[in-house]
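Report on the following structure.
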Amino acid sequence: MFGQIASYLVDVVAGFFVYLLLARFLFQWLRVPFRNVLGEFIIAGTNWMVVPARRVIPSLAGLDLASLLLAWLLQALLLYVLYLIAGIDFSSAPGIGAGAIAVLALLDLVRSTLYILVFALIVQAVLSWVNSHSPVGPLFDAMTRPFLRPIRRFVPPLGNVDLSPLVLIVVLQVLQIPLAELRRLASGLF
């Protein structure tokens, strides 16, 4: 029981910061403006980690590698702690354990990125129905536009209803299936 509580609390706290770091990376990569409530929250929640890391980790081609690398390292640390709480011993093969955790953390980051995009699509759709002039509407539009643009070329609106977000959600959910299988295979190394 205490192991489950500890695992849950570690997962919630570390997962929260992993999502913030991933969102920060995605905002910069997709050129989403940070001058909004959500962007300022992300900056305030991650600056204490990212600013010192940027002294060591440079950006590459405009990508915020410090945020991405911190998200990956934090996810790997999270997995390591969760496996320790579960009683998995890495002392017999520390290299294999470290490699498996690194791969699992990378797969989890890709999965989390897909979840962020699905969340952005759902919020954007709801805002378009409820309050199309919401101050955070342009934020979610900037996040999803690069992914919706190619789909909109092939899926025209039906009766003024844009089905491209639904198609993209289906594609993202389909991508989750091989990711889950890869994760299952990688976690089988323990």
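Quick rundown of the values:
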| read-out | value |
| --- | --- |
| Residue pairs meeting the criteria (Cβ under 8 Å; at least 6 apart or on separate chains; first within 25 Å of VAL136 (Cα to Cα), in region 39-65; second hydroxyl-bearing (Ser, Thr, Tyr)) | THR46/SER67; VAL50/SER67 |
| Neighbours by Cβ (under 8 Å, 6+ apart or cross-chain): first from region 66-92, touching a residue at least 40 places away in the same chain (Cβ under 8 Å); second of a type in the set (D, E, K, R) and buried (at least 19 other Cβ atoms within 10 Å of the Cβ) | SER67/ARG24; GLN75/ASP108 |
| ALA98 being among the aliphatic types (A, V, I, L, M) and exposed (fewer than 12 other Cβ atoms within 10 Å of the Cβ) | no |
| Subset of region 159-187 [farther than 14 Å from LEU148 by Cβ, charged (D, E, K, R) and either assigned to a loop (DSSP other than H, G, I, E, B) or under 17 Å from the mean Cα position of the chain (by Cα) (or both)] | ARG183 |
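Each reported figure results from applying straightforward, stated rules to the coordinates on display, with no laboratory input. Keep in mind the model is a prediction, meaning the values are calculated, not measured. Methodologically, a virtual Cβ is constructed for each residue, glycine included, from the backbone with ideal geometry; neighbour enumeration extends over all protein chains shown.
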